[in-house]
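Before any comments, here is the structure.
The values are calculated or read from the model by the stated rules, or taken from the named source; none is laboratory data. Given the structure is predicted, the values throughout are model-derived calculations rather than measurements. Note: ideal-geometry Cβ built from the backbone for every residue, glycine included; neighbour counts use all protein chains shown. Surface areas here come from the heavy atoms of the whole protein model, side chains and all, with no ligands, DNA or RNA. Shrake-Rupley method; radii C 1.70, N 1.55, O 1.52, S 1.80 Å.
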Amino acid sequence: MNSAVMPYSKSKRLKNQIKSIITNPYNIIVLVAIILLTYLIILPLLDMISTTFSLAQKDLRVTGGQAGDFTFYYWKRLLASELSGRLLVQPLMNSLLIGVSVSVCAISLGSVLAWLMVRTDLPFKPFFSLAVIMPYMIPSWCKSQAWLSMFKTERIGGAPGFLMSLGIDVPDWLAYGPVAIITVLSLHYYAYAYLLVSAALNSINSELEEMGEIQGASKYTILRKITFPLVMPAMLSAVILTFSKAIGTFGVINYLGSKVNFVTLSSQLYMNNKSQNTQTAFAMALIMICIASISVFINQRLIGSRKSFATIGGKGGRSTLLGLGIHKPLITVILIVFFAVGIITPIAILILESFMLKQGSYSIANLTTHYWIGDPNPAIMEGLPGIFKNRDFINALTNSLKLTFVNGVFGTIIGQIIGYICAKGRGTLHGRIVEQLVFIPYLIPSIAFGGIFLSMFSKSQELFGVTLIPSLYGTFALLTLTSVVKHLPFASRAGTANMLQIGGELEEAASIAGAGFFKRFIRIIFPLSKGGFVSGFMLIFVSIMKELDLIILIMTPTTTTLPYLAFQYQNGNAPQASNCVAIVMFSIVFLVYAIANLSGKADLSKSMGG
Amino acid sequence: MFKLKKLVAVFLAITLVFSLAACGGKKASSEGGKAEGELTEWEKSSQILNMDQTEAELYELAKEEGTVTLYSISSRCTKVAEAFMAKYPGVECIPFDIKHNELLEKVTREHEAGQNIADVVHAKDLDGTLYNEYVLNKIFYNYLPTEIASKIDDSLKETQTPLYIELVQLFYNEEANPNGAPIKNIWEITQPQWKGRIMMQNPLDDISWGSWITGFCVGDTPQQLADAYKELTGEELQLSDGVENAGYEFLKRLHANNPIYASSSDEIAEAVGTKGQTNPPIGFCSSSKIRKNEDNGWCLVPINLIPNTGIPAVNTLHIVEGSQHPNAAKLLVRFMLGGTDGDISGYKPFNTLGGWPVRDDIEPAEGSTPYKELNVAGFDSKVIYTYINTVRDFWQLL
């Protein structure tokens, strides 16, 4: 009897299992997500890898053979030739120096600011909380320009720096090279740590700290033994974002480092790319991806199994602010000076320069509104009108707004769905696969990513003779697709944090009451996550507004955007007009952020935690 | 566990299928009739090899095509487009200003995918890549009408359709050097008093600076450099160990003199040319920066170096294979080259201080030193193409 029933029940069990897997919309969504991510992320990565093993026509003059042959030439040259030291080892050391130092500085700065803003009775908080995000919105080149205006020495000629004109002797090691780069990048990237840590701090019930206080612990002990361990995971997440961003960036490094011949792996990559050594550049990018992956791995090890602390209990949390006591005025003054120097100065310089007829002449007579609203004048800017009277500007503005809003919305929706998978699938294989996959685009250099997408989608994509996707080249869809995928790491981080805040018991209750997957998503998950949705939107919005490298290959002459216009003016001897465009971009971002922030719907800091 | 295995299997299968699909796509594009000797479909239909069509003929055909797209490394392309549309109503010209490296990347990928957006490309073939990899592979066509070709020196048009010439020149600050150029011989910049006072771009930074340093090591230039050294010091040049010729020796000594790298030509022009400096550096940058003297209140003056200022940077025009608007493209190339009817409105945007026309019947901009009086190295893009990697590696190891 038993032996007859066993096989039957086994196969029935199997059938039921398959049925439940197939009919569960969650599984289908996971499957679709994994397929799409593989297609959109792994394929470009494979393309990069295979490129580094394929002989380019341009190198036949050295190696002989046929274009497209399999070769170890590029890797050998990079890893084991007399050039390795200059091409790889030295730049790699410099990259690590920058990456580690910037991470330490930016994380410390961001965490201290977050702690002051969330846990203490600091005055003027609404002002500070708005100001503290602004560095994320100002392009980093504005800051490096401001740095040079301040510290420039005679070494590089030109107009004297501000300090030099006051008669102060600035040493070269301060003005250029690693110290300058680390400072400027730290002032740019502390925003990540601030956002993550303040989100974590926000969710801590102050009862935890009060308990320590009752036990007789000093303020320092409470900070060290209770608060710090609770925000540790957030800080480590910030380390990854900051570290990989810092080793990947080249603008600031090139600008401030070239004067003392300080090169990093990213600036080597950029130089090789500009010299059409695409294969070497890709190989360097792959090495950078490996380094960043190692940092992710170490990070996971450090956090270990305690991925996050359940800080939101069933009962209402409350938060008692910590008194700063006698230090309050001092800290307030330091912060105000910090914001004045770090944020207001670069913006003020930018605005002032946009009103200067000729660069470098700081007299009242030199002020003009020409670059904003002037009519064409052959003597200025080769006859180009002020930006608000320029058709190109209006066109670029429209395109930029369209691109950022459409991408913001699409990116956010997809980010939330992926966030849902990551949050619900924490600790499972598919959860980890998705989480790892979406992180990769963060590390592929923008220009390579844009180029590969151009190639992939210029032809219609066919499978067994069926056209899956028509050729997208020149369409708005391709711009959107590329930007969305490239910004997925941000979007999905925001989504994950958002979804983690929603307790599983709510969904379970609905499920017991008979609600299907889609009903649960629409009636419970979505309404609860609306706030985070807006925050996620802001993150992508800000980032796409500044994007140029990624989309310059994909845009057509008629679909240009504001960053492109800024580049064009800079290129065409009209830096003032370029500044005008940069100010418009900043104003849009700031306006949208301020509206979202003031109406209480969004807070960037709430969307990055978890 | 079962669920996961299944997921992984499906995931791998899909990856495989998609990668295969992607591979298939690539092969197809690299084929396409390119038999030797025989004209391709496009070559026939576009008559790209016919250099004898007249302007009127092309205009008629161009009107049917209606539009032409120009990818250009110069921001002045917008002015060219305006002038073109003013002269040839009915043909729209769409300019796109983009950096050299990105231009090539974009055009290459577009062409591979059969998406011809660009009809005409304005670039520079400093290192011979465009000739060796694009023209010889029939991706770009050098269209140069017979009527105009006769007005251009043969040495310039062998591998390219030249548009105008720019140089990398050494500039000094006139205000700080009222008695004229502080140096005359190029070897002077390797002397101790100029240590850390010469600005340039990192030769590894991009392909044009890489080509420029290569120019010193090939052709007649090494010999000229050796002669110039003797002229300056009265002694024979002693080559260092393992250094092949005077060109490499010059680069080695220049590098040893600690030049300061800027990230753009504009930065160098500003550093050298800004007034009010007591000890300004000297610097190599694009000759076109002299245009900005007046606008920016600079006092840049170029030095006519002995033996020469390196290779010229010849701007070139190309028509892209598969262009849907070949006649409009040809008309635009003619127009940009200055046409044949005496109306040079298409050439004017480029004919400025610091740029020299390639045509013998077009006068350079007012105030320009005639090109013939300048010391410029000979330029053979094929030789540069052969040696640029060697010289770049040499510099990298210094």
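Scan segment B:60-109 for residues that are away from chain A (no Cβ under 13 Å), open to solvent by 30 Å² or more (accessible area, probe 1.4 Å) and part of a helix (DSSP H, G or I) and jot them down. So that I can check it myself, show each step before the final result.
Let us first name the residues in segment B:60-109 that are away from chain A (no Cβ under 13 Å), namely B:60-66, B:84-91.
With the extra rule that they be open to solvent by 30 Å² or more (accessible area, probe 1.4 Å), the set shrinks to B:60-61, B:63-65, B:85-87, B:89-90.
Scanning segment B:60-109 gives B:Glu60, B:Leu61, B:Lys63, B:Glu64, B:Glu65, B:Met85, B:Ala86, B:Lys87.
Residues being more than 24 Å from A:Ala285 (Cα to Cα), more than 8 Å from chain B (Cβ to nearest Cβ) and open to solvent by less than 40 Å² (accessible area, probe 1.4 Å): count how many of those fall in segment A:28-52.
Counting residues in segment A:28-52 that are more than 24 Å from A:Ala285 (Cα to Cα), more than 8 Å from chain B (Cβ to nearest Cβ) and open to solvent by less than 40 Å² (accessible area, probe 1.4 Å) gives 1.
The conditions are (1) buried (at least 21 other Cβ atoms within 10 Å of the Cβ); (2) within 24 Å of B:His100 (Cβ to Cβ); (3) over 19 Å from the mean Cα position of the chain (by Cα), and B:Ala365 fails exactly one of them. Which is it?
The failed condition is (1).
I need a count of the residues in segment A:156-172 that are without any contact (Cβ under 8 Å) to a residue 60 or more places away in the chain and either more than 12 Å from chain B (Cβ to nearest Cβ) or in contact with a helix residue (DSSP H, G or I) (Cβ under 6 Å, 6 or more places away or on another chain) (or both).
If we filter segment A:156-172 for residues that are without any contact (Cβ under 8 Å) to a residue 60 or more places away in the chain, which is where we start, we get A:157-158, A:160-171.
From what is left, the residues that are either more than 12 Å from chain B (Cβ to nearest Cβ) or in contact with a helix residue (DSSP H, G or I) (Cβ under 6 Å, 6 or more places away or on another chain) (or both) are A:157-158, A:161-163, A:166-171.
The qualifying residues number 11.
Is it true that some residue in segment B:181-194 is more than 28 Å from the chain's Cα centre (by Cα), of a type in the set (Lys, Arg) and open to solvent by 10 Å² or more (accessible area, probe 1.4 Å)?
No, that holds for no residue.
Among the residues of segment A:121-132, are any charged (D, E, K, R) and within 26 Å of the chain's Cα centre (by Cα)?
So in segment A:121-132, the residues charged (D, E, K, R) come out as A:121, A:125.
Still in the list and also within 26 Å of the chain's Cα centre (by Cα): A:125.
For segment A:121-132, residues charged (D, E, K, R) and within 26 Å of the chain's Cα centre (by Cα): present.
Looking only at residues in segment B:297-326 that are surrounded by fewer than 22 Cβ atoms within 10 Å (Cβ to Cβ) and within 14 Å of chain A (Cβ to nearest Cβ), which one is farthest from the chain's Cα centre (by Cα)?
Result: B:Gly297.
With the requirement that a residue be within 14 Å of chain B (Cβ to nearest Cβ), hydrophobic (A, V, I, L, M, F, W, C) and under 15 Å from A:Ala285 (Cα atoms), what does segment A:74-101 give you? Lay out the reasoning, then the answer.
Of segment A:74-101, the ones within 14 Å of chain B (Cβ to nearest Cβ) are A:74, A:76-78, A:81-91.
Filter once more, keeping what is hydrophobic (A, V, I, L, M, F, W, C): A:78, A:83, A:87-89.
A:Leu78, A:Leu87, A:Leu88, A:Val89, listed by residue number.
Among the candidates A:Ser186, A:Ser144, A:Ser149, which residue alone is within 14 Å of chain B (Cβ to nearest Cβ), part of a helix (DSSP H, G or I) and closer than 23 Å to A:Asp549 by Cβ? I'd like the intermediate steps shown before the answer.
Numbers: A:Ser186 fails: within 14 Å of chain B (Cβ to nearest Cβ); A:Ser149 fails: closer than 23 Å to A:Asp549 by Cβ.
Testing whether each residue is within 14 Å of chain B (Cβ to nearest Cβ), part of a helix (DSSP H, G or I) and closer than 23 Å to A:Asp549 by Cβ leaves just A:Ser144.
Would you check if there is a residue in segment A:225-242 being at pLDDT 80 or above, under 30 Å from A:Ser446 (Cα atoms) and among the polar types (S, T, N, Q)?
Yes, segment A:225-242 contains at least one residue that is at pLDDT 80 or above, under 30 Å from A:Ser446 (Cα atoms) and among the polar types (S, T, N, Q).
Can you tell me which residues in segment B:257-282 are at pLDDT 90 or above, in a loop (DSSP other than H, G, I, E, B) and more than 8 Å from chain A (Cβ to nearest Cβ)?
B:Asn257, B:Asn258, B:Pro259 - these are the residues of segment B:257-282 that are at pLDDT 90 or above, in a loop (DSSP other than H, G, I, E, B) and more than 8 Å from chain A (Cβ to nearest Cβ).
Would you please name the residue that is surrounded by the fewest Cβ atoms within 10 Å (Cβ to Cβ), looking only at residues in segment A:325-367 that are within 13 Å of chain B (Cβ to nearest Cβ) and within 28 Å of A:Pro135 (Cα to Cα)?
Among those that are within 13 Å of chain B (Cβ to nearest Cβ) and within 28 Å of A:Pro135 (Cα to Cα), it is A:Tyr362.
State whether one or more residues within segment A:443-463 are more than 9 Å from chain B (Cβ to nearest Cβ), touching a Gly at 6+ places or on another chain (Cβ under 9 Å), buried (at least 23 other Cβ atoms within 10 Å of the Cβ) and at pLDDT 80 or above.
No, that holds for no residue.
Go through (1) within 12 Å of chain A (Cβ to nearest Cβ); (2) open to solvent by 10 Å² or more (accessible area, probe 1.4 Å) one by one and return the number of the condition B:Thr214 breaks.
Checking B:Thr214 against (1) within 12 Å of chain A (Cβ to nearest Cβ); (2) open to solvent by 10 Å² or more (accessible area, probe 1.4 Å), the one that fails is (2).
Inspect segment A:104-118 for any residue being of a type in the set (Phe, Trp, Tyr), surrounded by 18 or more Cβ atoms within 10 Å (Cβ to Cβ), in a helix (DSSP H, G or I) and within 12 Å of chain B (Cβ to nearest Cβ) and give the result as yes or no. Before you say what the answer is, go through the steps one by one.
Looking only at segment A:104-118, we keep the residues that are of a type in the set (Phe, Trp, Tyr), and these are A:115.
From what is left, the residues that are surrounded by 18 or more Cβ atoms within 10 Å (Cβ to Cβ) are A:115.
Within this subset, residues satisfying the condition of being in a helix (DSSP H, G or I) are A:115.
Restricting the remaining residues to those that are within 12 Å of chain B (Cβ to nearest Cβ) gives none.
Scanning segment A:104-118, I find no residue that is of a type in the set (Phe, Trp, Tyr), surrounded by 18 or more Cβ atoms within 10 Å (Cβ to Cβ), in a helix (DSSP H, G or I) and within 12 Å of chain B (Cβ to nearest Cβ), so the answer is no.
Where in segment A:202-261 are there helices (runs of 4 or more DSSP H), lying wholly inside it, with at least 3 residues that are in contact with a Leu (Cβ under 9 Å, 6 or more places away or on another chain) and surrounded by 21 or more Cβ atoms within 10 Å (Cβ to Cβ)? Give the derivation first.
Numbers: elements: A:207-214, A:219-222, A:228-248, A:251-257.
Ranges flagged: A:228-248, A:251-257.
Looking only at residues in segment A:368-422 that are among the aromatic types (Phe, Trp, Tyr) and open to solvent by 60 Å² or more (accessible area, probe 1.4 Å), which one is nearest to A:Ser543 (Cα to Cα)?
First, the residues of segment A:368-422 that are among the aromatic types (Phe, Trp, Tyr): A:371-372, A:388, A:393, A:405, A:410, A:420.
Now restrict to residues that are open to solvent by 60 Å² or more (accessible area, probe 1.4 Å): A:388, A:405, A:410.
Details: A:Phe388: 24, A:Phe405: 12, A:Phe410: 14 Å.
So the residue we want is A:Phe405.
For the condition in contact (Cβ under 8 Å) with a residue 24 or more places away in the chain, open to solvent by 10 Å² or more (accessible area, probe 1.4 Å) and within 26 Å of A:Ser267 (Cα to Cα), what is the one hit in B:Glu270, B:Glu231?
Numbers: B:Glu231 fails: within 26 Å of A:Ser267 (Cα to Cα).
Answer to the check: B:Glu270.
Looking at the structure I just gave you, is B:Gly114 open to solvent by 40 Å² or more (accessible area, probe 1.4 Å), modelled with pLDDT under 90 and small (Gly, Ala, Ser)?
Numbers: open to solvent by 40 Å² or more (accessible area, probe 1.4 Å): yes; modelled with pLDDT under 90: yes; small (Gly, Ala, Ser): yes.
Yes; evaluated as a whole, the condition is true for this residue.
Here are some conditions: (1) modelled with pLDDT of 90 or more; (2) buried (at least 21 other Cβ atoms within 10 Å of the Cβ); (3) within 22 Å of the chain's Cα centre (by Cα). B:Ser381 meets all but one. Which one does it not meet?
With (1) modelled with pLDDT of 90 or more; (2) buried (at least 21 other Cβ atoms within 10 Å of the Cβ); (3) within 22 Å of the chain's Cα centre (by Cα) applied to B:Ser381, the lone miss is (1).
Select, from A:Thr475, A:Thr480, the only residue that is polar (S, T, N, Q), touching a Phe, Trp or Tyr at 6+ places or on another chain (Cβ under 7 Å) and surrounded by fewer than 22 Cβ atoms within 10 Å (Cβ to Cβ).
Values: A:Thr475 fails: touching a Phe, Trp or Tyr at 6+ places or on another chain (Cβ under 7 Å).
Selected residue: A:Thr480, the only one of A:Thr475, A:Thr480 that is polar (S, T, N, Q), touching a Phe, Trp or Tyr at 6+ places or on another chain (Cβ under 7 Å) and surrounded by fewer than 22 Cβ atoms within 10 Å (Cβ to Cβ).
Which one of these is touching a residue at least 24 places away in the same chain (Cβ under 8 Å), under 30 Å from B:Tyr131 (Cα atoms) and not β-branched (Val, Ile, Thr): A:Leu83, A:Leu78, A:Leu60, A:Leu40?
Exactly one residue qualifies, and that residue is A:Leu78.
Return the residues of segment B:164-180 that are touching a residue at least 60 places away in the same chain (Cβ under 8 Å) and open to solvent by less than 30 Å² (accessible area, probe 1.4 Å); say none if nothing qualifies.
Those that are touching a residue at least 60 places away in the same chain (Cβ under 8 Å) and open to solvent by less than 30 Å² (accessible area, probe 1.4 Å): B:Tyr164, B:Ile165, B:Glu166, B:Leu167, B:Val168, B:Gln169, B:Leu170, B:Phe171, B:Tyr172, B:Asn173.
Among the residues of segment A:153-176, write down those that are more than 20 Å from B:Ser265 (Cα to Cα) and either open to solvent by less than 10 Å² (accessible area, probe 1.4 Å) or under 34 Å from the mean Cα position of the chain (by Cα) (or both). Please lay out each step first, then the result.
At the first step, the residues of segment A:153-176 found to be more than 20 Å from B:Ser265 (Cα to Cα) are A:162-175.
Residues satisfying the conditions are A:Phe162, A:Leu163, A:Val170, A:Pro171, A:Asp172, A:Trp173, A:Leu174, A:Ala175.
Has segment A:594-603 got at least one residue that is at pLDDT below 80 and within 27 Å of A:Gly450 (Cα to Cα)?
no
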